[in-house]
Amino acid sequence: MKAIRVHEFGGPEVMRLEEVTDLTPGPDQLLIRIKAVGVNPVDTYVRSGQYANLSPLPYTPGTDAAGIIESIGKEVPRFAVGDRVYVAGTVTGAYAEQALCLKSQVHMLPEGVSYSQGAAIGIPYGIAYRALFNRAVAKPGEIVLVHGATGGVGLAALQLARNAGMIVIGTGGSDEGRQLVLQHGAHHVIDHHAADHFKHIMDITEGRGVDVILEMLANVNLGNDLKVLSRGGRVVVIGSRGTVEIDPRDAMSRDAAILGVLIFNASDQELTSIHAALGAGLRNNTIRPFIGAEIPLAEAPRAHEKVMESRTYGKVVLVT
């Protein structure tokens, strides 16, 4: 089979398509024939060597994918050869034509959901769900700001918050992006490049402030986020690309909380709950990933460049 392999940390060019030995599942594993692979920003951090937990070299990147079960270990119940599935984590890496997975990493993909959409579930929807419900404990009727809502995680958060009965504000940096934000569940949309966009947020809430902020770029926005929270408000930091200075009094005066979130910190129990909810959303059509770009597996370096561009909307997916 073919797989992307990384033999040294560095720029996108260190990823090369190679011929490798076909995989065979162990007793507690499933072999998945990969049809589509989700490209996540964390993949670029690991590949560059700038991440806390680096993969041993050489390795095949990626955690999220979708495809068909090709064979099953003798200790794996419930699944059958030929099942359509999405995976949230692998044993061998997802940027490949095949991947080995544990049964806890494999989830049924309903008919009517494409493989590319299935590959967009794991990290984007997993972290959006965990940020919104597990960390912020957001409730129906609360006002939620998705700050930087045009990427895979942001669009997932819009859908989840809207479906849960929250009042949703989303931001985008272009006319095209803001239109996408409206289409995916925001009641209100704001240009986050506008100098007065934080004032606009307060106007929408009639001066009350927002209950929950899901923040994709904390190094730019966190200081001002705290100023537009309601009393008891929560900021969940999903993404940051540097340090930031804040005034702790802004948190003190509001009894506010700053919460970090990382999907890799989720417990097994949390992940079971998260994917049960996401599976239900896929089946009843209340969540639908938006695919911004499909790129051939051999062009993984281009996908890594694209996923980090500010004007990339939705999910970047590799197809085999």
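The values are calculated or read from the model by the stated rules, or taken from the named source; none is laboratory data. Since this is a predicted model, take the numbers as computed values, not measurements. When we count neighbours, we look across all protein chains shown, and the Cβ atoms used for this are built from the backbone with ideal geometry, even at glycine.
General observations
- Among the candidates G38, G26, G62, G93, residue that is surrounded by fewer than 20 Cβ atoms within 10 Å (Cβ to Cβ), small (G, A, S) and either more than 18 Å from L282 (Cβ to Cβ) or under 17 Å from the mean Cα position of the chain (by Cα) (or both): G26
- Odd one out for R84 among (1) at positive phi; (2) touching a Pro at 6+ places or on another chain (Cβ under 9 Å): (1)
- Among the residues making up region 254-294, those that are within 17 Å of G152 (Cα to Cα) and part of a strand (DSSP E or B) are I291, G292, A293, E294.
This table checks each residue for (1) in contact with a strand residue (DSSP E or B) (Cβ under 7 Å, 6 or more places away or on another chain); (2) in a strand (DSSP E or B); (3) crowded, with 18+ Cβ neighbours inside 10 Å.
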site	(1), (2), (3)
V146	yes, yes, yes
Q159	no, no, yes
R178	yes, no, yes
I190	yes, yes, yes
A195	no, no, no
R208	yes, no, no
N219	no, no, no
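- Conditions (1) surrounded by fewer than 16 Cβ atoms within 10 Å (Cβ to Cβ); (2) in contact (Cβ under 8 Å) with a residue 60 or more places away in the chain; (3) assigned by TED's automatic domain parsing to the domain that holds S116: number failed by P296: (2)
- Residues of region 254-282 satisfying the condition of being surrounded by 15 or more Cβ atoms within 10 Å (Cβ to Cβ) and without any contact (Cβ under 8 Å) to a residue 12 or more places away in the chain: S273
- Residue in region 75-82 that is within 23 Å of M1 (Cα to Cα) and basic (K, R) present: no
- Unmet requirement for V212, which otherwise passes all of (1) in contact with an Asp or Glu (Cβ under 8 Å, 6 or more places away or on another chain); (2) not in a strand (DSSP E or B): (2)
- Restricting region 161-172 to residues that are in contact with a strand residue (DSSP E or B) (Cβ under 7 Å, 6 or more places away or on another chain) and not charged (D, E, K, R), the residue that is nearest to N285 (Cα to Cα) is A161.
- A single entry from A128, A80 fulfils the requirement of being in the same structural domain as R162 (by TED's automatic domain parsing) and out of contact with any Cys (no Cβ under 8 Å at 6 or more places or on another chain): A128.
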